[in-house]
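Scroll down for the structure; my scribbles are underneath it.
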Amino acid sequence: MLETARFTAFIPVRDIDVARAFYVSTLGLTVTDESPFALSVDANGTPLRLTPVPDFEPQTFTIAGWQVADMATAIDALIELGVKFNRYDGMDQNERAIWEAPGGGLVAWFSDPDGNTLSLSSPGA
C-alpha cells in the first residue's frame, strides 16, 4: 500500500536553533521548510523533520544514518567540522572509530547535540 508513497523521517530535538546549526551548518543539509512545529531539511531526497520535543531524552540506539561510499573521507570531513565519533565497549573499532560487521560492512556512530545516535555506514565488499 505504501510502496509508492514518499517517506519522511523525524528526529526529535530540544532546540531548533541548535539542531539547525548541526544538521544544516555541520552536516550540510538544506532547509526546505520551517514552522513552529518543525525544521524540515532535505536528506538527499528524503524529507527529514527535526521536531522540537522540550523534555526529550535520547535513546541508546541508532535512530538515523547515512550510507557513504568512502567512510574514511566522510569521517575525516566531519571531524574537521567538530563531530566526535563514538566508541563503544566491546566493539572492535579502528582508529577512526569504524566497526567492521561480520559481513564486511562498515559502521561509525556519532551523536547530534541532543544525544541522538546517528551513523555512517558502507556496505561490505
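Overview of results
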quantity: Subset of segment 38-65 (residues that are among the charged types (D, E, K, R) and surrounded by 12 or more Cβ atoms within 10 Å (Cβ to Cβ)); calculated: Asp42, Arg49
quantity: Count of segment 40-57 residues which are in contact (Cβ under 8 Å) with a residue 24 or more places away in the chain and either touching a strand residue (DSSP E or B) at 6+ places or on another chain (Cβ under 7 Å) or among the hydrophobic types (A, V, I, L, M, F, W, C) (or both); calculated: 10
quantity: Filtered residues of segment 16-31 (kept if in contact with an Asp or Glu (Cβ under 8 Å, 6 or more places away or on another chain) and assigned to a loop (DSSP other than H, G, I, E, B)); calculated: Leu29
quantity: Residue selected from segment 1-52 under the condition among the β-branched types (Val, Ile, Thr) and within 16 Å of Ser111 (Cβ to Cβ), by the criterion nearest to the chain's Cα centre (by Cα); calculated: Ile11
quantity: Residue tally, condition under 20 Å from Lys84 (Cα atoms) and in contact with a helix residue (DSSP H, G or I) (Cβ under 7 Å, 6 or more places away or on another chain), over segment 8-49; calculated: 2
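FYI, it's all coordinate maths here, none of it is from the lab. These numbers were taken from a predicted model, which means no experiment stands behind them. All Cβ positions, even for glycine, are placed from backbone atoms using ideal geometry, and neighbour counts span all protein chains on display.
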